[in-house]
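A short reminder: the numbers here are calculations on the coordinates, not readings from a lab. Here the structure is a predicted model, which is why all the values come from computation and not from measurement. FYI the Cβ positions are ideal-geometry reconstructions off the backbone, even for glycines, and counts take in every protein chain you see.
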Amino acid sequence: MKLTERSSGLIRREFLRNSAGAALALAMSVALPIAQAAEVAGVKVDDKIRLANTELVLNGSGIRYAAAGLVRVYVASLYLPQRRSSGTEIAALKGAKRVHMNLLREINANDFSKGLMSGMRANVSQADQQKYFDSLLKMGNIFGQTPLLKKGDTISVDQIPGTGTVILVNGKRVGEVVTDESFWNVLLQIWIGPKPIDESLKPVLLGTKESNDNTRRDENRF
């Protein structure tokens, strides 16, 4: 069957149009990144989570060091409704929020609690310490219920709108809910306040630095 010149031209135009569409679709599929979980100190860290029917994004995730950077205690991850780079901006955010910790070593829960309390005293004014005294007692009692925290255990400190601050160990709620919703932002000062519990961790949680993993630095010494 012979094709007329007009028919041949229509076929060529249709072919080129379909080819261009296919090329554009391929280019778009290559250009759009696929969200993947990050890995920090061997711990898988989700880019996004759901909390209180809200999608939260990872603001930053890093390692909490002790003993002048010689001991890795846990991986801390901060999840927010939108990414923010300062404590003031985070406090102004409405909605659910989470600080999540994956333990990298066994630790006495009492020692863990003392470390948090020390971080609070260093970053919160005396007036606020008095204001949140009852809430601090509740938090201390929570960790008293779990005498030993093991490597691989997880701790979540959640802000739930309409509920307050909730602490979970290995995904299960422990202790009483702290109903004062402002308390979560006070607790966050432990990690991002003027005198954070770990100076190297603060900028990572705030998203202003990619990583505080000192493994490569240590390897370069030898």
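Quick notes
- The HN-Hα couplings worked out from phi for the stretch 56-68 by the Karplus form 6.51 cos²θ - 1.76 cosθ + 1.60 (θ = phi - 60°) are 10, 10, 6, 7, x, 8, x, 9, 8, 9, 9, 6, 6 Hz, whole numbers, x standing for Gly and Pro.
- Coupling constants for the stretch 75-84 follow from the phi torsions by the Karplus curve (6.51 cos²θ - 1.76 cosθ + 1.60, θ = phi - 60°), and in residue order they are 9, 10, 10, 10, 10, 9, x, 9, 5, 9 Hz; glycine and proline get x.
- Close Lys pairs in the stretch 38-219 (alpha-carbon distance under 21 Å; sequence gap of 8 or more, or different chains): 26.
- The stretch 124-212 shape via C-alpha gyration tensor axes, a/c threshold 1.5: oblate
- Neighbour counting of Cβ atoms within 10 Å sorts the residues Lys138, Lys114, fewest neighbours leading, into Lys114, Lys138.
- Legend: calculated FRET efficiency, Glu106 to Arg50, from the Cβ-Cβ distance at R0 = 41 Å, rounded to 0.05, equals 0.85.
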